[in-house]
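Read through the structure below, which is laid out as structure tokens, and then see the notes.
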Amino acid sequence: KETTSTTPKEKTRIDGIKSKSDAEPPIERPEKLNKPKKPQVAPQATNSKFKPAQQARPKNKQTEGPRYSQQAQNVPPHLLKKRDELLPVRKSLPIWPQADVIKAALKTNNILVLTGETGSGKSTQLPQFLIDEPWCTKCIAITQPRKVAAISLARRVADEMGSFMGSQSPAAKVGYSVRFDNATGPSTKVKFLTEGMLLQEMLRNPAMSQYSAVVVDEVHERSVNVDLILGFLRNLVTGQESASARQHPLKVIVMSATADVGSLVKFFEDSQPSPTTEKPPGNPIDESTSLKQAEVASQAVASRISTCFVEGRQYPVKTVYLPQPTQDWVESALKIIFQLHYKEPMPGDILVFLTGQDTIEGLEKLINDYAEGMDKDVPKLLALPLFAALPQHAQQRIFEPAPFRTRKVILATNIAETSVTVPGVRFVIDCGKSKIKQFRNRLGLESLLVKPISKSAAIQRKGRAGREAPGQCYRLYTEDGYNTMDERTIPEILRCDLSQAILTMKARGVDDVLNFPFLDRPPREALEKALLQLLHLQALTETGSISETGLKISKFPLTPTLGRVLVEAAKPERDCLLDVIDIISALSVENVFLNLVTEERKEEAEEARRELYRREGDHLTLLVTVQRYAAEQTDRKIWCDKHFVSHRAMQTVMNVRKQLQQQCMQQKLLSKDDTQSELAPSEARSQAILACMLRGFISNTARMMPDGSYKTLMGNQTVAIHPSSVLFGRKVEAIVFNEFVFTGKAWARGVSVVQLDWVTEVVKAIM
Ligand code: CDP
């Protein structure tokens, strides 16, 4: 049974990921744990290669240490000690011998495309190579697709440089900036930031004059944000030859773990946007030679663009497939984890790729249950989840060494595919799926679907097992399954709702979005749909330029839909901004309520949560949950346990809530003394809150039909109220809902009751 979960146009972006549980297969206990055969592996010699374009390789003057380090004053001895300890590790990275060549390439050229396997040292070393270059008088920005990577890289580079992090101290050379958390100071020279943050900075300072170099890392992930950044940077570097505002031209370094160099070089070479749709080269992927394509591409580069290739250090990894396909990959993963644990010597951590928070937490619980029953003489197992919505301190735990006689099992989403290097991993278990966004133009709905990954993603996952020693990769699918996978993941921009991307472009003054230089041009229909959606939200004017409301929305790290809800709630006649912030914060996590497996526990939870449930629906239920949690004075963890609420999720919710409140204050929508929403909202207030929701989520409204079913007002799609909703089984005249879920049939999830009059009024106003 292939189950899928869908979100409609709306997706909370606050913490990068919001995924849904419906897609997960049922979690059951395995009956028996069989022992696997020990695989045979042989070590393999490795080498490192580098080819600068059209450039003689300068003499490799191996430096004894970094120069910037000598400039730092008042650096405490413990930082210098750590720096010195890490220097040999840095020197052993494949990229280290190429430092001088990279510097030389950027001396003469403004653009560098650098490819190299994950772990070869690109993200940590490149900024340190460049920091003392004569042209590098300002800060270096390095973008990351994920918050956890930006923060952990900043910490690592700060350690390697003997630097404080983001403080006021002159010795604080390294910092980071991620949504809702800024750790930079006046002396910051190396700044890791999420792609979203760089885009926000580009809106404020289009010339990027605060930077000497912008490094766009992990380009192969091809997030929409990376595509926008590349488009803006291309315009910037193309125009900068004539511009004299800068003392030194901006250097742009594009880094990727895969070899699609050709299209990147071509993209920067073409000074005119191409009106045709271009697909990335569709060469079949060969596991052993994929990166070698980079060398070929590097032969054909223009003079102002350099390309470099660093071959990673990769030990052989044995691949084990399942003999038969399975839907119960949580169970299969559990079996393999224990087989490995009993059979394989320590050290050797296990990295498991799963699809989302619910499967991860389900497996985490099963591992802990089983581990309790292990004999005392068996080493311990430590299960560590890793997904984007996890609170930061929990994410950072994966980087800490395991305690004595303990094997780490990291349960991750595709966040660990290339973004995050987890040291110590020898075994990879790959479920072969991931959640991806898919936008359906016809329905105007964005869905989050569990889909098979591509071959290139499977290769990346496997590679994680062979970074430090020979490894093993257990694919929870058959070899035939692998052979039928797509070669590459389709870039997000070709399959997602583009309204947020277009609003960003409009806010940056790009009027003609249809002719923006896209690395891959999205279908015209998708662009037009997004423009229409923004018009409906009044984020654009009739002439297509950005409106006052649109500008306000663009300043929030939210989808335009949620941004519109916030702006609506701040209007004096609505006056419910704090409540709406609470609800949006709760929507930023996958689920504030614990997902329970057995019927008995489910009933128990229903009873315990009854006092939180509101008859108006799920939005107000979330509001009450956040309010009660926030007001809890004694022990929030106990409160959560009592109400079957996830304490972990609530910690994230509280962080997002605080940040959103601060941003509303900055935008003067909220005053400083206003931080606690009024407990137990009155009926009038509840109605105001739902009216705000409706203003943003107008495409996600449905009315009841004579036969008791619901049909969406825009799109005429039949939907049913999801069993997880407090409104499940109720018949009401109209509903507004948060997302669309497919599990055999179309469900509306996160549902509230609204009056049909309100809905028709809003629909009339925008049509
Ligand atoms: O960017 P790339 O994937 O090529 O490599 P990197 O992120 O610069 O990582 C190089 C090495 O630094 C890794 O193999 C890790 O040993 C180490 N590292 C770390 O210990 N902690 C981090 N947060 C990041 C990197």
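The values are calculated or read from the model by the stated rules, or taken from the named source; none is laboratory data. Since this is a predicted model, take the numbers as computed values, not measurements. Note that we place each Cβ from the backbone using ideal geometry, even for glycine, and neighbour counts take in every protein chain shown.
If you go through segment 493-503 and keep only what is modelled with pLDDT of 90 or more and within 9 Å of residue 224 (Cβ to Cβ), you end up with 493, 498, 500, 501.
Tell me, yes or no, whether segment 424-436 has at least one residue that is in a loop (DSSP other than H, G, I, E, B), in contact with a Pro (Cβ under 7 Å, 6 or more places away or on another chain) and closer than 14 Å to residue 353 by Cα. Yes; the residues of segment 424-436 include at least one that is in a loop (DSSP other than H, G, I, E, B), in contact with a Pro (Cβ under 7 Å, 6 or more places away or on another chain) and closer than 14 Å to residue 353 by Cα. Taking residue 664 as the residue in question, decide whether it is under 21 Å from residue 177 (Cβ atoms) and surrounded by 17 or more Cβ atoms within 10 Å (Cβ to Cβ). Judged against the criteria, residue 664 is a match.
Selection of segment 202-228 for residues being more than 16 Å from the chain's Cα centre (by Cα) and modelled with pLDDT of 90 or more yields 208, 209, 210, 211, 212, 213, 214, 215.
Selection over segment 744-762 of residues that are part of a helix (DSSP H, G or I) and within 13 Å of residue 710 (Cα to Cα) gives a count of 1.
The conditions of being without any contact (Cβ under 8 Å) to a residue 60 or more places away in the chain and more than 26 Å from residue 364 (Cβ to Cβ) are not met by residue 608. Can you confirm whether residue 693 is surrounded by 20 or more Cβ atoms within 10 Å (Cβ to Cβ) and of a type in the set (A, V, I, L, M, F, W, C)? It is true that residue 693 is surrounded by 20 or more Cβ atoms within 10 Å (Cβ to Cβ) and of a type in the set (A, V, I, L, M, F, W, C). Residue pairs whose Cβ atoms lie under 7 Å apart, sitting 6 or more positions apart in sequence or on different chains, and linking a residue in segment 212-240 that is farther than 20 Å from residue 417 by Cβ to a partner that is at pLDDT below 90 and among the aliphatic types (A, V, I, L, M), are 232/202.
Quick grid of which residues meet (1) at pLDDT 75 or above; (2) within 30 Å of residue 350 (Cα to Cα):
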position	(1), (2)
235	yes, no
246	no, no
282	no, no
288	no, yes
295	no, no
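If the condition is being part of a helix (DSSP H, G or I) and either surrounded by fewer than 19 Cβ atoms within 10 Å (Cβ to Cβ) or of a type in the set (A, V, I, L, M) (or both), then segment 625-642 contributes 626, 628, 630, 631, 636, 637, 638, 639, 641, 642.
For every residue, the table says whether it meets (1) at pLDDT 95 or above; (2) over 24 Å from residue 624 (Cα atoms).
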{"residue": "689", "(1), (2)": "yes, no"}
{"residue": "693", "(1), (2)": "yes, no"}
{"residue": "697", "(1), (2)": "no, no"}
{"residue": "709", "(1), (2)": "no, yes"}
{"residue": "713", "(1), (2)": "no, yes"}
{"residue": "726", "(1), (2)": "no, no"}
{"residue": "735", "(1), (2)": "yes, no"}
{"residue": "748", "(1), (2)": "no, no"}
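Remark: pairs (first residue in segment 342-355, on the phi > 0 side of the Ramachandran plot; second residue basic (Lys, Arg); Cβ separation under 6 Å; 6+ apart in sequence or on different chains) = 348/426.
On the stretch given as segment 186-238, residues that are in a helix (DSSP H, G or I) and away from the ligand (no atom under 16 Å from the Cβ) total 23.
Conditions (1) over 30 Å from residue 699 (Cα atoms); (2) modelled with pLDDT of 85 or more, marked per residue:
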{"position": "367", "(1), (2)": "yes, yes"}
{"position": "370", "(1), (2)": "yes, yes"}
{"position": "380", "(1), (2)": "yes, yes"}
{"position": "386", "(1), (2)": "yes, yes"}
{"position": "403", "(1), (2)": "yes, yes"}
{"position": "420", "(1), (2)": "yes, no"}
{"position": "426", "(1), (2)": "yes, yes"}
{"position": "433", "(1), (2)": "no, yes"}
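For segment 653-685, a residue qualifies if it is at pLDDT 85 or above and either in contact with a His (Cβ under 9 Å, 6 or more places away or on another chain) or outside any helix (DSSP H, G or I) (or both), and the qualifying residues are 667, 668, 669, 670, 682. Candidates are the residues of segment 416-430 that are within 13 Å of the ligand (Cβ to nearest atom) and of a type in the set (A, V, I, L, M); the one that is farthest from the chain's Cα centre (by Cα) is 425. Is it the case that residue 95 is modelled with pLDDT of 90 or more and under 22 Å from residue 208 (Cα atoms)? In short, no.
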